[in-house]
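As structure tokens, the structure follows; a few thoughts come after it.
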Ligand code: NAD
Ligand code: GLY
């Protein structure tokens, strides 16, 4: 098992990574002090993984809350459902919440943990590639509002993250690819050597060879930890993790959530951001082509939806959380392995790349 720590003083926590973690009987030793825990999961993951998790928690008094699957259930109504169950079973601030699922379950459970009696311990067990490399680490928790995604939330760090890479074997290929968009993102913003390595290991990753998978997930978590340690609440460099997200969120919102997966929208968004960089001479054409080709190898979209023009993008981008004093903040690659946050993207430049999008 590989372990790394997110160093945040008294809120520091370990990330454990290995195949078949969920078959280790002593996995949670010493972590659930009150011996009371509530697992939150959904109806897709329950038949796949709940029994294994329960068998790691034999000494613990357990309750399970099963929510319906899907982004459309990442709502205040699901939040209330979990809170109601916690009250019904007389959970206390010492009860541990365990999120078993992808980013939807992780974000929602984290927000419940942040809110219930002003904060209870929680553990992340991410089961999608996207949640293993991104959402389970760093403490962003949220639910959606009908008027905006992730509009209600808190920064609240877990006590530990357990990444069982073998859980990905049942993940639909399209969801796996969506996670790969985030993996590639880390290479572009922070580590060209990692980008090279992904290029050389496409087949091993697509075949989910455990060695390659563990190495990729470890490196992503390491980069995310490094960034979050410097900027936990996104006052500065954490925004780099949003490469592709300004354009991507606009695509997701315009197409209707769920029609384009988050990672798919991020992939097309990365290409648009990279086109901006080429226009600004921050990225060479050959670097751009490498980015596009790598996303394509994972069957990710590299163009925006055909029916989406400048107006549709602007409508959503102006309402993004990343807007500051009326100006949209963009994350743009500046050479492979490096990126910057900038408001300096003119309407003319946007028009140029979005007209051809
Ligand atoms: P998801 O949680 O909806 O999971 C995708 C699908 O895979 C679901 O149908 C789920 O039930 C299913 N699934 C999960 N694990 C499975 C498994 N092992 N086998 C088979 N099916 C499985 O989506 P996601 O991509 O994991 O997460 C997207 C969410 O994460 C969005 O709500 C997004 O806003 C959020 N997010 C949060 C952060 C953060 O920093 N907190 C970062 C990125 C994304
Ligand atoms: N997914 C972006 C972040 O955690 O900041």
**Asked** Only one of these conditions is not met by residue 88: (1) over 30 Å from residue 20 (Cβ atoms); (2) under 25 Å from the mean Cα position of the chain (by Cα). Which number is it?
**Response** (2)
**Prompt:** For region 1-76, which fully contained strands (runs of 3 or more DSSP E) count at least 2 residues that are closer than 19 Å to residue 166 by Cβ?
**Reply:** 2-6, 13-18, 36-42
**Fill in**
Taking region 133-174 and keeping residues within 6 Å of ligand 1 (Cβ to nearest atom), surrounded by fewer than 18 Cβ atoms within 10 Å (Cβ to Cβ) and closer than 26 Å to residue 48 by Cα leaves 170
**region 85-111, residues that are out of contact with any strand residue (DSSP E or B) (no Cβ under 6 Å at 6 or more places or on another chain) and either crowded, with 24+ Cβ neighbours inside 10 Å or in a helix (DSSP H, G or I) (or both)** = 86, 87, 88, 102, 103, 104
**Request:** Name the residue, out of 241, 295, that is within 16 Å of ligand 2 (Cβ to nearest atom), in a helix (DSSP H, G or I) and within 30 Å of residue 352 (Cα to Cα).
**Result:** 241
**Asked** Out of 222, 299, 275, 233, which single residue is within 13 Å of ligand 1 (Cβ to nearest atom) and modelled with pLDDT of 95 or more?
**Response** 233
**Message:** Among the residues of region 14-21, are any away from ligand 2 (no atom under 16 Å from the Cβ), in contact with a strand residue (DSSP E or B) (Cβ under 9 Å, 6 or more places away or on another chain) and modelled with pLDDT under 95?
**Reply:** no
**Asked** Going by the conditions given, is residue 32 more than 11 Å from ligand 1 (Cβ to nearest atom), farther than 30 Å from residue 147 by Cβ and either surrounded by 15 or more Cβ atoms within 10 Å (Cβ to Cβ) or at pLDDT 95 or above (or both)?
**Response** yes
**Message:** Filter region 269-291 down to the residues that are more than 16 Å from ligand 2 (Cβ to nearest atom) and under 19 Å from residue 318 (Cβ atoms) and list them by number.
**Reply:** 272, 276
**Prompt:** Taking only pairs six or more apart or across chains, which ones have beta-carbon atoms under 8 Å, a first residue in region 7-18 that is without any contact (Cβ under 8 Å) to a residue 40 or more places away in the chain, and a second residue that is part of a strand (DSSP E or B)?
**Reply:** 12/5; 12/6
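The values are calculated or read from the model by the stated rules, or taken from the named source; none is laboratory data. Since the structure is predicted, the reported quantities are computational estimates derived from the model, not experimental observations. Heads up, the Cβs are rebuilt from the backbone with ideal geometry, glycines too, and the neighbour counts pull from every protein chain shown.
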